[in-house]
Amino acid sequence: MIPDGRVNLVPNIGIIVGTRATLVVDAGMGPRNGQVVVRELAKVSKNAQLYFTTTHFHPEHVTGGQALPENTIVVRPRVQQEEVDHKQPEFISNFSRRTPEIKALLQDVKPRAPDIVFDHEAKLDLGGVTARLFWLGPAHTRGDSFIFVEEDGVLFTGDVVINRFFPIFPDADASGKNWLAILNQLEALQPKKIVPGHGEVGEAALVSKENTFLKELQSRVVELKAQGKSSEEATQLLSVEFRAKYSDWDNPGWIADAARRFYFESN
C-alpha cells in the first residue's frame, strides 16, 4: 500500500500481487502521481499481467491511471464507468480551479477506457490470490466499488470508509440510507484489515465507527426535523454538536453536507 499521509486529495493506493498477475487499486491525481505508483509497483511485482481498478470516479483516485503501462487491463463497475464518462470532466474542471498545483496535475488528463465492465461483481484470480471486486449501490458516489482480497481478509473501501475524516457527501447522487446499508454488508464480510479511501489502515472496527457516526447523525436529523427545525437550522446545530463529539476527526466542514442529505432523505 502507498499511504496517503492524511493529506487531503491524496488517496490510499493498493497493490495486490499474485503469482501471475497484479492488481492496482486507485492511482492518485494525474500522471505525475501515477508515475509514483509505477515506480512503487516495480519494487514489489515483476508480473507482466497488470490490472487496474478504481474505487470511484473522483479525479484523485482515477486520473493517475494514465501513467500505467499500455497493456494494463482496466476493470470497473458499469455504473462507475458512466460517472467517469459523464461526470468526471466537470469534477476535473472543479478540482483544477482549487489551486495552481492541482491544475498542473490534471493538465491534459484523459481517463483510460475500461477493458472489463461488470454489473455487480467480478473476480480476478491473480495466482494464489483472489480479488473480489463488487458494487453495492450508491453511497459516497453512485458507482462506489469495493475490493476484497479473500485469502488475506483485506478490504479496500474507497471513500465509503475513511479513518478519522468525516464522511463526504459530494453531490446529489450520494445516499445516506444506502451508505448505512452498505456498511452493514461490509461488516458481514468480517474483514481482518480495512484500507480506507483516506486515513490510516485499520481493523474491521473502522467500518463500525463510521456506521455509528452516520446512524447518530441520521437519528439527530430526524429528531430536529420532527421538532420543526429547518434544514439549515439542523445543519448548523449538528455541525457544532458532532464537531465536538468527534473532535479528533478531520474536515468537519463535511458534517453539514451529510446532515443535509439525511434531512432530505427523512420523511
Which numbered condition residue 198 fails, given (1) within 30 Å of residue 13 (Cα to Cα); (2) surrounded by fewer than 18 Cβ atoms within 10 Å (Cβ to Cβ): (2)
Those residues of segment 246-257 which are assigned to a helix (DSSP H, G or I) and either hydrophobic (A, V, I, L, M, F, W, C) or loosely packed, with under 14 Cβ neighbours inside 10 Å (or both), in sequence order: 254, 255, 256
Test: residue 85 is out of contact with any strand residue (DSSP E or B) (no Cβ under 6 Å at 6 or more places or on another chain), of a type in the set (D, E, K, R) and part of a loop (DSSP other than H, G, I, E, B): no
Candidate set: segment 23-44, residues that are over 20 Å from the mean Cα position of the chain (by Cα) and over 25 Å from residue 103 (Cα atoms); chosen: the one surrounded by the most Cβ atoms within 10 Å (Cβ to Cβ): 41
Leading residue by the ranking (nearest to the chain's Cα centre (by Cα)) among those in segment 129-159 that are in a loop (DSSP other than H, G, I, E, B) and free of Cβ contacts under 8 Å to residues at least 60 places away in the same chain: 139
Residue within segment 221-236 that is exposed (fewer than 14 other Cβ atoms within 10 Å of the Cβ), closer than 22 Å to residue 180 by Cα and of a type in the set (Asp, Glu) present: yes
Selected residue (criterion: least open to solvent (accessible area, probe 1.4 Å)) from residues of segment 1-14 that are out of contact with any Lys or Arg (no Cβ under 9 Å at 6 or more places or on another chain) and of a type in the set (A, V, I, L, M, F, W, C): 13
Given (1) open to solvent by less than 10 Å² (accessible area, probe 1.4 Å); (2) touching a Leu at 6+ places or on another chain (Cβ under 6 Å), number of the condition residue 96 does not satisfy: (1)
Subset of segment 50-78 that is crowded, with 22+ Cβ neighbours inside 10 Å and in a helix (DSSP H, G or I) - its residue that is nearest to the chain's Cα centre (by Cα): 61
Selection from segment 168-200 of residues that are in a helix (DSSP H, G or I) and either modelled with pLDDT under 95 or among the aromatic types (Phe, Trp, Tyr) (or both): 179
Residue 47 being under 22 Å from residue 123 (Cβ atoms), open to solvent by 50 Å² or more (accessible area, probe 1.4 Å) and more than 15 Å from the chain's Cα centre (by Cα): no
Filter pass, residue 32 being more than 17 Å from residue 160 (Cβ to Cβ) and part of a helix (DSSP H, G or I): yes
Top-ranked residue in segment 201-245 [being small (Gly, Ala, Ser) and not in a helix (DSSP H, G or I); ranked as nearest to residue 263 (Cα to Cα)]: 230
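The values are calculated or read from the model by the stated rules, or taken from the named source; none is laboratory data. Quantities reported herein were computed from a predicted structural model and do not represent experimental measurements. Neighbour counts are summed over all protein chains in view; Cβ atoms, including those assigned to glycine, are modelled from backbone coordinates with ideal geometry. Calculation scope for accessible area: heavy atoms of the full protein, side chains included, ligands and nucleic acids excluded. Shrake-Rupley method; radii C 1.70, N 1.55, O 1.52, S 1.80 Å.
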